[in-house]
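Below is one structure, written out as structure tokens, with a few remarks after it.
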Amino acid sequence: MNYSQAIEYLNGFSKSGTPVTDLSRFSELMRVLGDPQKDLSFVHVAGTNGKGSVCEYVSLALQLSGCNVGKFTSPYINVTEERIQINNAPISREDFALYISIAKEGADRTGCSHYSQFEILNAAAFLCYKDKKCDITVLETGIGGLLDSTNIISPKISVITTVDLDHTAMLGGTHQEIARHKAGIIKEGCPVVVSPCQYDEVAGVLENKARELNAPFVMPDSSDIKLISSDLSGTVFEYKGERFQTKMCGKHQAVNAAAAIEVLRLLNVAPEHIKKALLTAAVPARTETLGGWIIDGAHNPSGAGALAELLKAVKGTKVLLTGMLTTKDWQGSLEKLAPLFDCVIAVDFFAENAVKKEKISEFAQSLGKKALTAESIEEGLQKAEGENAEYRILCGSLYLCGAARRILGEK
């Protein structure tokens, strides 16, 4: 297949596939493909928020230390092949088509037609990382952990970032239920690093699972993190008395960075590489500045709360352009964000399951805010710029962020 055919083939599957109760379906696909994952080393990362940042910190530091590093993340912002990276660069369209083609051959041999898009991409990624002789791969789960296709691996280190309520229809409606899914990536005798500042009930589930599996448990003490400053230029903090700085903004980045630091210390990465990675790592749509806009993929109340904390310190008038998905707690997110803005503008043309713009506008008005709607993202950007606010912020679904980034990049 060429690139277009590979994308068409991938889109022939649903995003989640038919429901699974174990990993046998994906394990069989990997078996017929020769189990490439068995020849690879992994840092396996699960969590609700902070996965992308931790993956970026860890992969960049490993690259700086001289490793050939694979990185598998989701969702993509601009193009599908962003999800399969080597040394922080997406693989080529030719390679993408090649490995999707090989994955297709394996899927055809299994006789199964109800894989998810994620499983096919995961298979292609494992094939690619083995073929490209990656020394280590930073592997981000899709949803949950226990039943995620990535969980067929045996990692060097498991990592669980901040756990909160999200994907509740699939993972459960309580913190404990979601934590049990995340804890599924903890393996017998394998060290697990857990981000600090967890809910007590989450920390309890994770620590108990680690104890059950004799897995060394590392969870930074929040009292060891001292925030020095956090603004749109980045975050400065001390961890265990040592000063660090991240390019990415928000005090939550100190929490993400503390977890990454512990992972990298376990991997014996030199301190200078750790510091440089934190200082230079950036993830698209994570409080990113582009074309006079601040773009952030805050799409659940926890992420919205983190963005709100950062914006509270930014003085001046602000306008928000937003769009949310029906599968998320969009009201909870807006309740955290709306008070900080002089005007809220809603759009809904970026995804099939986007919340109707009128519903977002009505909800913002119920919170006492001026609210507008726009018939397209372009119109939304124009209306926001017409508000003459000192700061223009776009946040919500990462699909919206990706579409807006393309438009702003063209400008």
Counting other Cβ atoms within 10 Å of each Cβ, which GluC sites (Glu not before Pro) in region 133-225 have at most 12 and sit in a DSSP loop? Glu188
What is the gain in length, in nm to one decimal, between Asp342 and Arg265 on full extension, counting 0.36 nm per residue of separation less the C-alpha to C-alpha distance? 23.3 nm
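For the chain, give me the percentage of DSSP beta bridges that are antiparallel, rounded to the nearest 5 percent.
Numbers: 21 of 56 bridges.
Of those bridges, close to 40 percent are antiparallel.
For Ala89 and Leu279, calculate 0.36 nm times their separation in residues minus their Cα-Cα distance, and state this gained length in nm to one decimal. Kindly include the intermediate steps, with their values, before the conclusion.
Values: separation 190, 0.36 × 190 = 68.40 nm, distance 1.84 nm.
Stretched fully, the Ala89-Leu279 segment lengthens by 66.6 nm.
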For region 52-131, dividing by residue count, accessible area per residue (probe 1.4 Å) in Å² works out to 33 Å²
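Assuming R0 = 56 Å, can you tell me the calculated FRET efficiency for the pair Lys38 and Leu367, based on Cβ-Cβ distance, to the nearest 0.05? Kindly include the intermediate steps, with their values, before the conclusion.
On the way: r = 52 Å, r/R0 = 0.93.
Once the sixth-power term is evaluated, E becomes 0.60.
Counting other C-beta atoms within 10 Å, and keeping those with at most 15, which DSSP coil trypsin sites (Lys or Arg not before Pro) do you find in region 287-338? Show your work: numbers first, answer last.
On the way: sites: Lys312, Lys315, Lys318, Lys328, Lys336; in loops: Lys315, Lys328.
Loop-located and lightly packed - Lys315.
In deg cm²/dmol and to the nearest 500, what is the mean residue ellipticity at 222 nm of the chain if only DSSP H runs of at least 4 residues count, each as -39500 (n - 2.57), divided by the residue total?
Details: 15 runs with 168 residues, N = 411.
Calculated from helices alone, the mean residue ellipticity at 222 nm is -12500 deg cm²/dmol.
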Using amide H atoms built 1.01 Å from N in the peptide plane, name the residues 5+ places from Leu290, or on other chains, whose amide H lies under 5 Å from its own. Ile295
Each label sits 7 Å from Cα toward the beta-carbon; between Asp200 and Glu378 the label points are separated, in nm, by 5.5 nm
Residue-ordered couplings for region 385-398, obtained by feeding phi - 60° into the Karplus form 6.51 cos²θ - 1.76 cosθ + 1.60 and rounding to whole Hz (Gly and Pro as x), are 5, x, 6, 6, 6, 6, 10, 10, 10, 10, 8, x, 4, 5
Using each residue's phi in region 174-191, evaluate 6.51 cos²θ - 1.76 cosθ + 1.60 at θ = phi - 60° and report the 3J(HN,Hα) Karplus result to the nearest Hz, with x for Gly and Pro. 10, 4, 5, 5, 5, 4, 5, 5, 4, 5, x, 8, 6, 10, 3, x, 8, x
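Would region 284-411 count as rounded, prolate or oblate if I go by the C-alpha gyration tensor, calling it rounded below 1.5 in a/c and otherwise prolate when a/b exceeds b/c, oblate otherwise? Please report the intermediate quantities before stating the final value.
Values: a/c = 1.17, a/b = 1.03, b/c = 1.14.
Rounded.
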Residue-by-residue Karplus 3J(HN,Hα) for region 119-131, coefficients 6.51, -1.76, 1.60, Hz, glycine and proline x: 5, 5, 4, 4, 4, 4, 5, 4, 4, 5, 5, 5, 4
Kirkwood-based Rg over Rh for region 172-251 (C-alpha set), two decimals? 1.07
25 Å Cα-Cα threshold exceeded, pairs from Lys15/Lys133; Lys315/Lys359; Lys15/Lys156; Lys71/Lys187; Lys209/Lys247: Lys15/Lys133; Lys315/Lys359; Lys15/Lys156; Lys209/Lys247
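Report the gain in length on full extension from Lys226 to Arg211: 0.36 nm times residue separation, minus Cα-Cα distance, nm rounded to one decimal. List each step's numbers first, then the result.
Values: separation 15, 0.36 × 15 = 5.40 nm, distance 2.88 nm.
Stretched fully, the Lys226-Arg211 segment lengthens by 2.5 nm.
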The answer for Leu372, listing residues at least 5 apart or on another chain whose modeled amide H is closer than 5 Å to its amide H, is Val344, Ile345, Ala346
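Can you give the convex hull volume of the alpha carbon atoms of the chain per residue, in Å³? Don't skip to the end; give the middle numbers.
Numbers: hull volume 54.9 nm³, N = 411.
Spelled out: Cα convex hull of the chain, divided by residues, is 134 Å³.
Report in % the part of the accessible area of the chain that belongs to carbon and sulfur, leaving out ligands and nucleic acids; probe 1.4 Å. Please list the in-between numbers first.
Working: 7980 of 16760 Å².
Roughly 48 percent, rounded to a whole number.
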Please work out the C-alpha center-to-center distance from region 89-166 to region 358-373 and express it in whole Å. 40 Å
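The values are calculated or read from the model by the stated rules, or taken from the named source; none is laboratory data. As the structure is a computational prediction, the values presented were derived from the model and not from experiment. Glycine gets a Cβ as well: all are built from the backbone with ideal geometry, and neighbour counts include every protein chain shown. The area values use the complete protein model at the heavy-atom level, side chains included, leaving out ligands, DNA and RNA. Shrake-Rupley method; radii C 1.70, N 1.55, O 1.52, S 1.80 Å.
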